[in-house]
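Have a look at the structure below before the remarks.
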Amino acid sequence: MSDGDVSPGNGAMESDPIVELAELAEVSSAGFSGRVQRSILRRGLAADLTDYVWFSPLRILLEYLGMVLSMVGGRRTQGDGEA
């Protein structure tokens, strides 16, 4: 192996690029992390609402279908589930 070889087995050379990148670090503004967190929460809320809008009609339809099938099938339950 030569000195310039950067391979996974060469532990001394793995940390050198990190040290060089550490010099380029910048401090974020005061409200940056709050803005990022609010953006993530908005996207999560939008995903939850979309999921609700798409699957609620399907769930309602399945409930009505189950109700109709139970009435047609002649199975009627009374009280605590006794037939």
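Since every read-out is calculated from the coordinates, none of them should be taken as a lab result. The structure presented is a predicted model; accordingly, all values stated were derived computationally and were not measured. Every residue, glycine among them, receives a Cβ derived from its backbone with ideal geometry; neighbour counts consider all protein chains shown.
May I ask for the net charge around LEU41, where only other residues with Cβ less than 15 Å from the Cβ of LEU41 are counted and Lys, Arg are +1 while Asp, Glu are -1?
Residues near LEU41 contribute +3 overall.
Relative intensity of segment 32-73 on a log10 scale, I(q)/I(0) at q = 0.25 Å⁻¹, equals -0.79, per a Debye sum over C-alpha point scatterers of equal strength in the absence of solvent.
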